[in-house]
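Everything on this sheet refers to the single structure shown next.
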Amino acid sequence: MITLMLALSSATFAGSKAKPTPSQDQMPIPIEIPTTGVGHVGFDPVKNYSAKDLAALRKAEVLSNELLQSQCFSDFMIKRALIQTGGKTPMQVVEHLKTRNLTVPVTMYYSRKNVVGYRNVGSPIVYTNLKFHAGSTACARASNLTHEWSHVPDETTGIGYGHDYKATRQRPYSVPYSINAAFDKCCVCAPKSILDCTIVQ
Ligand SMILES: [Zn+2]
């Protein structure tokens, strides 16, 4: 099953700088340096989303996958003084994010508080606040969702990335916030468009 998913993912990203498809006898993937295969970011199942928000979420999912596989993302992360990586070098963090296969459930809710999205510790469900997500560009949604996705431990390595709870000076250099910064740099939308967004290669 895992092999099949990797093969499908490789096919999906055949146009990107994907590494050669792993042979079927390469399982299990080494924990520390997973350098084979192309991973996949998934958001599913989706609850309480309107048709319009669902379309934007699906676009955000595509952008998340394209960002992690992009040269723009690698170049940005490798130069960054990343913290709270669990001992990984920036290059190993990029390899891990590029190769992990993880789908997380997403639920829309409404709160007047200034929270874009959140997750409860120990649960993979990502809650997205309608107050911020409705009307947001696919880049902005993808940025928030991929931040939350990076927190969730994946099944292969059990690794998720954390950050300081408070807005400390070092927090922007955590992996989840660095993903947000990478989206700021590498994801662009046409003026006034929610869906017409692309990843800079
Ligand atoms: Zn976070």
Pick from segment 156-177, criterion within 12 Å of THR85 (Cα to Cα) and either in contact with a strand residue (DSSP E or B) (Cβ under 6 Å, 6 or more places away or on another chain) or of a type in the set (S, T, N, Q) (or both), ranking: surrounded by the fewest Cβ atoms within 10 Å (Cβ to Cβ)
TYR173
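Would you call ASN114 within 18 Å of TYR177 (Cβ to Cβ) and either free of Cβ contacts under 8 Å to residues at least 40 places away in the same chain or not hydrophobic (A, V, I, L, M, F, W, C) (or both)? Before the answer, list the steps.
Details: within 18 Å of TYR177 (Cβ to Cβ): yes; either free of Cβ contacts under 8 Å to residues at least 40 places away in the same chain or not hydrophobic (A, V, I, L, M, F, W, C) (or both): yes.
For ASN114, the condition - within 18 Å of TYR177 (Cβ to Cβ) and either free of Cβ contacts under 8 Å to residues at least 40 places away in the same chain or not hydrophobic (A, V, I, L, M, F, W, C) (or both) - is met.
Look at ASP154 and say whether it is farther than 19 Å from ILE194 by Cα, away from the ligand (no atom under 12 Å from the Cβ) and either out of contact with any Lys or Arg (no Cβ under 6 Å at 6 or more places or on another chain) or not basic (Lys, Arg) (or both). Can you show your working first?
Details: farther than 19 Å from ILE194 by Cα: yes; away from the ligand (no atom under 12 Å from the Cβ): yes; either out of contact with any Lys or Arg (no Cβ under 6 Å at 6 or more places or on another chain) or not basic (Lys, Arg) (or both): yes.
Yes.
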Unmet criterion (only one of (1) surrounded by 20 or more Cβ atoms within 10 Å (Cβ to Cβ); (2) more than 15 Å from the ligand (Cβ to nearest atom)) for THR128
(2)
Which condition number in (1) crowded, with 17+ Cβ neighbours inside 10 Å; (2) away from the ligand (no atom under 15 Å from the Cβ); (3) farther than 17 Å from LEU54 by Cβ is the one that PRO191 fails?
(1)
Subset of segment 157-169 (residues that are within 11 Å of the ligand (Cβ to nearest atom) and either at pLDDT below 95 or in contact with a helix residue (DSSP H, G or I) (Cβ under 6 Å, 6 or more places away or on another chain) (or both)):
GLY160, TYR161, HIS163, ASP164, TYR165
Answer residue from segment 131-151, given it is within 15 Å of the ligand (Cβ to nearest atom) and among the hydroxyl-bearing types (Ser, Thr, Tyr) and is farthest from MET108 (Cα to Cα) among those:
SER150
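The values are calculated or read from the model by the stated rules, or taken from the named source; none is laboratory data. All figures in this text were calculated on a predicted structure; none of them were measured in a lab. Every residue, glycine as well, gets a Cβ built from its backbone with ideal geometry; the counts of neighbours run over all protein chains shown.
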